[in-house]
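Working notes, structure below.
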Amino acid sequence: MQELNRYEYAVIRFVPCVEREEFINVGLAMMCKRRRWIKVSILLPESKLKAICPAFDRVALAGQLQAFVDIADGKKTSGPVAQYPVEERFRWISAMKSSVIQTSRPHPGMCDDLETTFTRLFTELVE
């Protein structure tokens with residue numbers, strides 16, 4: 001029997017008009033402190049984005065979201081936050097924001113396979 005891993009995840013959202021609080025799920029961040037594992041994936045569903053915000057700038061949005069991926073990956077070019085331990089990077093990514101890119105509150109879980117669980121959550125919550 002494999003050892004279970006405690007993880008946390010947060011859904012990354014595009015909120016084009018903060019005052020209206022409408023959003024589209026565009027990504028997932030997941031972290032397991034004990035395994036020192038963190039992952040962020042992004043998906044920009046063009047038709048949904050155009051429906052909720054016809055004038056959105058896809059290039060700018062993709063660039064801002066890529067910063068989350070780069071920080072999770074620990075890329076040195078992403079500044080000092082990218083060099084923090086995985087749990088601190090996750091806390092930075094999932095911190096409450098009042099901008100057009102926000103995250104859900106973090107949710108905990110247990111699993112034996114982090115990659116499989118990430119894929120399942122990404123499929124259910126983002127795709």
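The values are calculated or read from the model by the stated rules, or taken from the named source; none is laboratory data. Keep in mind it's a predicted model, so treat the numbers as computed, not measured. Neighbour counts are summed over all protein chains in view; Cβ atoms, including those assigned to glycine, are modelled from backbone coordinates with ideal geometry. Please note that ligands, DNA and RNA were not included when accessible areas were found on the heavy atoms of the full protein model with its side chains. Shrake-Rupley method; radii C 1.70, N 1.55, O 1.52, S 1.80 Å.
GNM on the chain, alpha-carbon springs under 10 angstrom: the most fluctuating residue among Ser104, Ser78, Ser47 is Ser47.
Two numbers describe the Cα atoms of region 1-63: Rg and Dmax, which are 15.5, 51 Å.
For region 13-40, list residues with backbone N below 20 Å from a point placed 7 Å from the Cα of Thr119 toward its Cβ? The answer is 27-32, 37-40, whose backbone nitrogens lie closer than 20 Å to the label point.
When the charge dipole of the chain is built from unit charges on Cβ atoms (+1 for Lys and Arg, -1 for Asp and Glu) and taken about the Cα centre, the candidate among Tyr9, Thr116, Leu43 whose Cα reaches farthest toward its positive end is Tyr9. Per-residue extension of 0.36 nm, minus the Cα-Cα distance of Glu19 and Asp57, leaves a gain of 11.8 nm for this segment.
Based on DSSP H segments of at least four residues, each scored -39500 (n - 2.57), the chain has a per-residue ellipticity at 222 nm of -10500 deg cm²/dmol.
Backbone amide hydrogens, once placed in the peptide plane, bring Ser41 within less than 5 Å of Leu28, excluding anything fewer than 5 places away on its chain. For the chain, the ratio of Cα radius of gyration to the globular rule of thumb 2.2 N^0.38 Å stands at 1.06. A Cβ-based charge dipole, computed about the Cα centre of region 5-127 with Lys and Arg at +1 and Asp and Glu at -1, lands at about 340 debye. Its Cα gyration tensor gives region 40-96 an equivalent ellipsoid, and the semi-axes of that ellipsoid, as √(5λ) in whole Å with the largest first, are 26, 11, 9. The spacing between region 1-30 and region 55-127, judged by their C-alpha centroids, is 8 Å. At a probe radius of 1.4 angstrom, the accessible area of the chain per residue rounds to 58 square angstrom. Structure remark: mean-square fluctuation, Gaussian network model of the chain, C-alpha springs under 10 Å; the largest value among Pro54, Pro85, Pro106 belongs to Pro54.
Sequentially through region 43-56, phi angles give Karplus couplings (6.51, -1.76, 1.60; θ = phi - 60°) of 9, 9, x, 3, 5, 5, 4, 5, 5, 8, 8, x, 9, 5 Hz, Gly and Pro residues having no value and appearing as x. For the residues Ala67, Ala55, Ala82, a GNM of the chain with alpha-carbon springs under 10 Å puts the largest fluctuation on Ala55.
Within a straight-line Cα-Cα reach of under 22 Å, Lys75 can be paired with the following lysines, leaving aside sequence neighbours fewer than 8 residues apart in one chain: Lys33, Lys39.
Charged neighbours of Asn5, selected by a Cβ distance under 15 Å, balance to +1 (K, R count +1; D, E count -1).
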